[in-house]
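Student: Okay, here's the structure, questions in a sec.
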Amino acid sequence: MSNDHLVGLSVVHRRYVPYSHAHYAGNLVDGAYSLAAFGDVATELCIRSDGDEGLFASYSDVQFRAPVRAGDCLEIEARIVRAGSRSREMEFEARVVTRGNPGRGASAADVLDPPIVATTARGVVVVP
């Protein structure tokens, strides 16, 4: 049975990046933060596509394109690009949709239009 009907299915999460996750100067967050977010959105996508959380098998072509900072709000998307009998290949994108603006005040922030693409990747998940 073909799983072509799953290709194009996507899930989007949004999350605020807390200051407790800043590891580097300038309130930078490590790249693992985006990869963990990709795992979370892939889990929901597997539940929606197959009724199971699935197991992550691999990441490939991970690109850190722009910094993620504490105080950002990220939009994380996973989309199925290939569906085998048990494997689901996905494309991931983490976008910064809001960013703190301390120049305007301690709690000031701006909506970014367009968002900044911070991290992209491909990954394979296996479902039973």
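Student: Looking at (1) exposed (fewer than 15 other Cβ atoms within 10 Å of the Cβ); (2) at pLDDT 95 or above, which is the only condition R95 fails?
Tutor: (1) is the only condition that R95 fails.
Student: Taking E89 as the residue in question, decide whether it is over 12 Å from the mean Cα position of the chain (by Cα), in a loop (DSSP other than H, G, I, E, B) and either at negative phi or not polar (S, T, N, Q) (or both).
Tutor: Judged against the criteria, E89 is not a match.
Student: Follow-up question, since we're still on this one. Just one of the numbered conditions (1) in contact (Cβ under 8 Å) with a residue 12 or more places away in the chain; (2) closer than 13 Å to T120 by Cα is not true of V11; which one?
Tutor: All conditions pass for V11, except number (2).
Student: Right, here's the next one. Any idea which of (1) over 19 Å from S10 (Cβ atoms); (2) touching a residue at least 24 places away in the same chain (Cβ under 8 Å); (3) among the charged types (D, E, K, R) is the one E89 doesn't satisfy?
Tutor: Every listed condition holds for E89 apart from (1).
Student: Follow-up. Name the single residue, out of those in segment 3-47 being among the β-branched types (V, I, T) and in contact with a Phe, Trp or Tyr (Cβ under 8 Å, 6 or more places away or on another chain), that is farthest from A78 (Cα to Cα).
Tutor: V17
Student: Looking only at segment 109-128, filter to residues that are among the β-branched types (V, I, T) and either without any contact (Cβ under 8 Å) to a residue 60 or more places away in the chain or loosely packed, with under 15 Cβ neighbours inside 10 Å (or both); which one of those is farthest from D72 (Cα to Cα)?
Tutor: Among residues in segment 109-128 that are among the β-branched types (V, I, T) and either without any contact (Cβ under 8 Å) to a residue 60 or more places away in the chain or loosely packed, with under 15 Cβ neighbours inside 10 Å (or both), the one farthest from D72 (Cα to Cα) is T120.
Student: Right, something else. Counting just the residues of segment 92-125 that are over 18 Å from the mean Cα position of the chain (by Cα) and in a strand (DSSP E or B), which one comes out farthest from Y24 (Cα to Cα)?
Tutor: Per the stated criteria, the residue is D113.
Student: Taking R95, is it in contact with a Pro (Cβ under 7 Å, 6 or more places away or on another chain) and basic (K, R)?
Tutor: So R95 fits the description; yes.
Student: Without any contact (Cβ under 8 Å) to a residue 40 or more places away in the chain and surrounded by fewer than 15 Cβ atoms within 10 Å (Cβ to Cβ): is that true of A106 in this structure?
Tutor: yes
The values are calculated or read from the model by the stated rules, or taken from the named source; none is laboratory data. From a predicted model like this one, the values you see are computed outputs, not experimental measurements. No Cβ is skipped: glycine too gets one built from the backbone with ideal geometry, and neighbour counts run over all protein chains shown.
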